[in-house]
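Data first, discussion second: the structure below is written as structure tokens.
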Amino acid sequence: MVQAQVLETPTRRQPASPNLIEILALLSRRNLPMTFLRLARKYGDVVHVKGGPLEIFLLSHPEDIREVLVVQHANFHKGQGVQMTSRMLGQGLLTSEGDFHKRQRKLIQPAFHRQRIAAYATTMVEEASRLAQSWQDGAVVDMAEEMMRLTLVIAGKTLFNVDVEREASTVSQAMAVAMEAFIKIGLSPWAEQLERLPLPIRRRFYRARDEMDRVIYRIIEEHRRSGRDQGDLLSWLLLAHDEEGAMSDEQLRDEMTTLLLAGHETTANALAWTWYLLAQHPEVAKRLRQEVVQVLGDRLPTADDFSRLSYTEQVLAEAMRLFPPAWSIDRTAIRDCDIRGLTIPSGARIIMSQYVVHHDPRFYPEPDRFLPERWTPEARAARPKFAYFPFGGGPRLCIGEPFAWMEGVLVLATLVRSWEAELVPGQRIEPEAAVTLRPRYGIRMRLHQLQRAAALV
Ligand code: HEM
């Protein structure tokens, strides 16, 4: 087993600045995760870029990241990308700040309680099993699309008790347009200026948002009228209230759109990259199937199996290390502050990239290798906490983290019981840093049905 080296102290506190060519690479935004990684390897844990009013720090030391996300979280707000996102999501959990965010988080948190997630597990397995039954032996599929459709259906059922396939054209088209606009406008360094121009993409974005709103308001209205707990997350939010009362329809709309968007593409990409890695590492795939067969025999998994599927969880954790679906977190300093001896002025932008830290050889020797055994409890304990932060941390930690682990592990266990998938040769597979780290050209795979799960042991 490869041992990680744990850093006791930061290597440098003086920010280092990239040269002009490197700054141009940053601005071109082509393969940003790799550009960040190169900069961090060359300049160390603090990379500083300053030009006019723009000042950016790329922080890659786990202790600095903990400082920003946890210890000094009150000195930071979400970064500029969030402004565009809020055009779509309004004031939902992902985009709101301060006391308002605190109140909403408190209202919504119980909907992600362990028992509630256990209830969603049944839907996760049912839908994965339905997909497994629809696959054809020898067929070629785009695994990224398959996983995206599956997690969207699961999100629709668990969040709204709605068959998203029925609403598919509206919901998935609106989301595709929203994502395109976000990538073209929201992620640009000139987002604010572009937002004011009458670009066709901007018009399409607002049309898509209005269509999606119509569907979501209708679902809220139907739930209110039915007045019963349908076991989904929306039913919970309709009941939730505090001393200030319950949520308005507009607030419910913002939160549900947020959960739908935040909750399905991330998990879909985690699963798609896992299939890609398994196809290249048959020894890991074999061990994974052995665990699944040993724990489940001939039956489908339930929430109770989650803790027993420990190797499955390690496989998923390692896939999210190499391909973190949320590949970077952005913050803006709202006042001058000091991060372990580093002066950060008010208004500076802080970037903390999971992609960079998850590939750091100080914590992950041979960082490009896919080694699920890095996630045994002992190996985990030997690393600083923020050497791995696929779900962020502190008060803005992903609220859906337990949901995502449950979904990832149970979906994987359900599918690998009866199917394996090999990569179609001759295709180009490359990560694209859109909102999530997704495969730019998809992942084409040929499906092979396994005759009897037990035969694998
Ligand atoms: C593999 C799957 C997922 C990954 C990698 C992921 C990643 C993240 C990250 C990194 C953040 C923090 C962003 C920041 O601090 O700026 C976040 C926040 C959030 N995520 Fe997830 N997420 C996943 C799944 C989900 C699911 C399944 C849901 C809901 C069903 C969800 C809902 C949210 C929400 C609402 C927030 C905002 C929380 C707050 O600020 O209070 N996510 N997610």
In the range 220-252, what residues are within 16 Å of the ligand (Cβ to nearest atom), open to solvent by less than 10 Å² (accessible area, probe 1.4 Å) and assigned to a helix (DSSP H, G or I)?
Leu233, Leu234, Ser235, Leu237, Leu252
If I filter the range 51-73 for residues that are more than 22 Å from Arg396 (Cβ to Cβ) and of a type in the set (A, V, I, L, M, F, W, C), do I get at least one hit?
yes
How about the range 443-457: which of its residues are in contact with a Gly (Cβ under 9 Å, 6 or more places away or on another chain), at pLDDT 75 or above and among the hydrophobic types (A, V, I, L, M, F, W, C)?
Leu447
Take the conditions part of a helix (DSSP H, G or I) and more than 15 Å from the ligand (Cβ to nearest atom) and apply them to Val315. Does it pass?
no
Does the range 297-308 include one or more residues that are in a helix (DSSP H, G or I), under 30 Å from Ser172 (Cβ atoms) and within 16 Å of the ligand (Cβ to nearest atom)?
yes
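For the range 120-172, enumerate the residues that are at positive phi and more than 15 Å from the ligand (Cβ to nearest atom).
Gly138, the sole residue that qualifies.
What number of residues within the range 381-402 are more than 16 Å from the ligand (Cβ to nearest atom) and either in contact with a Lys or Arg (Cβ under 8 Å, 6 or more places away or on another chain) or not in a helix (DSSP H, G or I) (or both)?
Counting residues in the range 381-402 that are more than 16 Å from the ligand (Cβ to nearest atom) and either in contact with a Lys or Arg (Cβ under 8 Å, 6 or more places away or on another chain) or not in a helix (DSSP H, G or I) (or both) gives 3.
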Is there a residue in the range 428-448 that is open to solvent by 30 Å² or more (accessible area, probe 1.4 Å), touching a Phe, Trp or Tyr at 6+ places or on another chain (Cβ under 8 Å) and within 29 Å of Thr302 (Cα to Cα)?
yes
Could you list, in sequence order, all residues of the range 360-396 that are open to solvent by 20 Å² or more (accessible area, probe 1.4 Å) and touching a Phe, Trp or Tyr at 6+ places or on another chain (Cβ under 6 Å)?
Arg383
Might you check whether a residue that is surrounded by 15 or more Cβ atoms within 10 Å (Cβ to Cβ), in contact with a Lys or Arg (Cβ under 6 Å, 6 or more places away or on another chain) and within 27 Å of Thr414 (Cα to Cα) occurs anywhere in the range 106-121?
no
Does Glu318 qualify as being open to solvent by 30 Å² or more (accessible area, probe 1.4 Å), of a type outside the set (Ser, Thr, Tyr) and more than 29 Å from Ser96 (Cα to Cα)?
no
Picking from Ile108, Ile65, Ile21, Ile117, which residue would you name as being more than 16 Å from the ligand (Cβ to nearest atom) and not in a loop (DSSP other than H, G, I, E, B)?
Ile21
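The values are calculated or read from the model by the stated rules, or taken from the named source; none is laboratory data. This is a predicted model, so every value here is computed, not measured. Ideal geometry is used to build each Cβ from the backbone, glycine not excepted, and the neighbour counts take in all protein chains shown. Keep in mind that these areas ignore ligands, DNA and RNA; they rest on the heavy atoms of the full protein, side chains included. Shrake-Rupley method; radii C 1.70, N 1.55, O 1.52, S 1.80 Å.
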